[in-house]
1. Being closer than 23 Å to E67 by Cα, within 17 Å of the chain's Cα centre (by Cα) and not β-branched (V, I, T) is the filter here; which residues of segment 99-108 pass it?
2. If R118 meets every condition in (1) in contact with a helix residue (DSSP H, G or I) (Cβ under 9 Å, 6 or more places away or on another chain); (2) in contact (Cβ under 8 Å) with a residue 40 or more places away in the chain; (3) not in a helix (DSSP H, G or I) apart from one, which number is that one?
3. From the set of residues in segment 61-104 that are closer than 14 Å to L27 by Cβ and small (G, A, S), which is surrounded by the fewest Cβ atoms within 10 Å (Cβ to Cβ)?
4. In segment 135-180, how many residues are part of a helix (DSSP H, G or I) and either more than 17 Å from L25 (Cα to Cα) or among the hydroxyl-bearing types (S, T, Y) (or both)?
5. Going through P127, P144 one at a time, which residue ends up being over 23 Å from F58 (Cβ atoms) and at pLDDT 95 or above?
6. Does A108 fit the bill of being loosely packed, with under 15 Cβ neighbours inside 10 Å, of a type in the set (G, A, S) and assigned to a helix (DSSP H, G or I)?
7. Here are some conditions: (1) under 12 Å from the mean Cα position of the chain (by Cα); (2) within 15 Å of P172 (Cα to Cα); (3) of a type outside the set (D, E, K, R). A33 meets all but one. Which one does it not meet?
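The values are calculated or read from the model by the stated rules, or taken from the named source; none is laboratory data. No experiment lies behind these values; they were computed from the predicted model shown. Here Cβ is always computed from backbone atoms with ideal geometry, including for glycine, and neighbour counts include all displayed protein chains.
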Amino acid sequence: MYGRSDIDAYLTMLNSVSGVTIMKLFLAQHGQAYAKDVDPERPLTDRGKQDVARLAGFLAKAGVRVERVIHSGKLRAVQTAECLADAIAPGVILEESGLINPNDNPKAFDWQSESWDRDTLVVGHLPFMSRLVSHLVIGDENRPVSAFQPGSIVCLELNEGPRWLVAWMIRPQLLKQGHE
């Protein structure tokens, strides 16, 4: 069990900045969704909704705020993006991108990075999200550097190098009820 001081220390760490950060990129995999054979639209399951709601509450309490929210347009990503945006991007209009589907090439999405000038949340799917983290951090989308699960989020910081660094990652099991 974690005490209140442990959680406060973790929240402080999430907000700390090492060096000069130009922007933060929050990359989230959608919450747990129904299998295609159960529901072809693949909405979030009750567990998926609960995991994402706990994550949203945790991020809000940690002071995370973004000015841009991008999702793939698939229902499970839209539901996840809406829940997270309510907590960390109130009033921000969600954007749909056709470049962040499960098997899309992360290099195609990265071309937009030239215009990235504000903290951004991107909600998508595997294997794309994992490949995007690898592409941005080490320049090789085929070498995994993150272990996403449904409802996970990675925070990358762009420093003045310019270089993307992994600041932190949260998976749903870290936010079990009573620990957030």
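1. The answer is L99, N101, P106.
2. That leaves (1) as the condition not met.
3. If we take residues in segment 61-104 being closer than 14 Å to L27 by Cβ and small (G, A, S), then S97 is surrounded by the fewest Cβ atoms within 10 Å (Cβ to Cβ).
4. 4
5. P127
6. Yes; evaluated as a whole, the condition is true for this residue.
7. Answer for A33: the failing condition is (1).
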